[in-house]
Amino acid sequence: MPPDLPLPQRALLCDQVAEVLRHGITDGRWGRQLPSEAALCREFQVSRVTLRKAIGQLMRERWVRSGGRGCHHQILRRRSAAAQTQPLGRIVRVLTPYSGKVMGVVNAGWIEAVNERISAAGYRVEMEHHPHLFARHRPEDLRRLDALPDTAAWILHFSTEPMQRWFAATGRPCVVMGRVHAGIPLPSVCNDTEATGRHGAGLLYARGYRELVYLMAEFTSLNDHLAAEAFAKEARSLGARVRIVVHPAELDPLRAALDRLLAARPRPTGFFSTCPEHCLAILCHLQYAGLRIPEDAAILSGWDDLCVHYAVPTIAHYSIDDVKAGRKTAMVLLDLLKNGSGKLRTVHIVPEFKSGGSLGAWRGTPVHA
């Protein structure tokens, strides 16, 4: 089978019932509420368990609201006549706090793969670089952006919780490139950074590093916060000591944070960051301070970029297939454009560990408090 074709999947009966209910709602088959559960079970010839699973899916997607015990479920979402006749745009806009110069090759390749796939369907990608919207939530600015001519859908990159909630409420087709905050009905495609965090902590511990630091830059994504929590939890369960250090993204604050860490006792021996450019800065800073890498300190990057391969020593890191991630994102997006919200999906891209010279066996002299 050609690699670009998706494998056939067996649809669950509850998913089929949910899809029939969506069509009934958008076609105006019912008024302000659904028929009784007993009537729907008879009409669709399904069990009440199957029907309730389907209705539960629609509740999570905000198509309906529970009527409570003995009451009919209320219909929340209904396609207006104006919406049905409104022409669909052809531009998929990517909202991001980062310009192309600092986005990195993996994210850029991810978005390029999206553009390649959706171009075949008659759409195109345009970047919307607006860092101020990520620093402060301004609904009026989002409304102006969403009103740009020919807008068909959105991809949210490094999106905040208020931003995700705003886009979910609009009903505009939208996919999150990263994690979705709890309770927000948006589909997403994301790197499984929690697995990365757990695995990274285990690698460092297995090689003898016991004083671990997770360096996290501002502004960062929910994915990074989840990775930090997973890293710290795994490290502590193994018996290592761990600190999560949050610092501004600029180089000078990172250097200042490293100076404070190197002056502390006990001194950290294992450094983890999901920013590969920061890992390169950490490598240079530690070597300038006289530490041997990896004998005195190890460095592990949770993300891939060209700089980790050109460093001396090379930086151990985690890598994802950006083309695969982009194709998955395009698949979810095109399904939204064709079929509406449908079933919410979270697609996890599992990273692959790539060894490097910055991670070896710890041979340093213990530094006690």
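Checking the stated criteria, Thr329 turns out to be at pLDDT 95 or above and under 30 Å from His23 (Cβ atoms). Is there a residue being modelled with pLDDT of 85 or more and under 26 Å from Met177 (Cβ atoms) anywhere in the range 82-89? Yes - at least one qualifying residue is present in the range 82-89. Can you spot a residue in the range 314-321 that is without any contact (Cβ under 8 Å) to a residue 60 or more places away in the chain, surrounded by fewer than 23 Cβ atoms within 10 Å (Cβ to Cβ), among the acidic types (Asp, Glu) and outside any helix (DSSP H, G or I)? Within the range 314-321, one or more residues are without any contact (Cβ under 8 Å) to a residue 60 or more places away in the chain, surrounded by fewer than 23 Cβ atoms within 10 Å (Cβ to Cβ), among the acidic types (Asp, Glu) and outside any helix (DSSP H, G or I). Against the conditions (1) within 14 Å of the chain's Cα centre (by Cα); (2) touching a residue at least 24 places away in the same chain (Cβ under 8 Å), Tyr209 satisfies every one except (1). Give the residues of the range 152-183 that are among the β-branched types (Val, Ile, Thr) and either at pLDDT 95 or above or crowded, with 20+ Cβ neighbours inside 10 Å (or both), sorted by residue number. Listed by number, the residues that qualify are Ile155, Val175, Val176, Val180.
Residue-wise test of (1) within 30 Å of the chain's Cα centre (by Cα); (2) buried (at least 21 other Cβ atoms within 10 Å of the Cβ); (3) assigned to a helix (DSSP H, G or I).
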{"position": "His278", "(1), (2), (3)": "yes, yes, yes"}
{"position": "Asp296", "(1), (2), (3)": "no, no, no"}
{"position": "Val308", "(1), (2), (3)": "yes, yes, yes"}
{"position": "Val312", "(1), (2), (3)": "no, no, no"}
{"position": "His348", "(1), (2), (3)": "yes, no, no"}
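Could you list, in sequence order, the residues of the range 222-254 that are over 21 Å from the mean Cα position of the chain (by Cα) and in a loop (DSSP other than H, G, I, E, B)? Residues satisfying the conditions are Gly239, Ala240, Glu250.
Here Leu226, Leu262 are screened, and the one residue that is more than 25 Å from Ser319 (Cα to Cα), surrounded by fewer than 22 Cβ atoms within 10 Å (Cβ to Cβ) and not polar (S, T, N, Q) is Leu262.
In this structure, Arg260 does not satisfy being assigned to a loop (DSSP other than H, G, I, E, B), outside the structural domain of Pro173 (by TED's automatic domain parsing) and of a type in the set (Lys, Arg).
The values are calculated or read from the model by the stated rules, or taken from the named source; none is laboratory data. Quantities reported herein were computed from a predicted structural model and do not represent experimental measurements. Ideal geometry is used to build each Cβ from the backbone, glycine not excepted, and the neighbour counts take in all protein chains shown.
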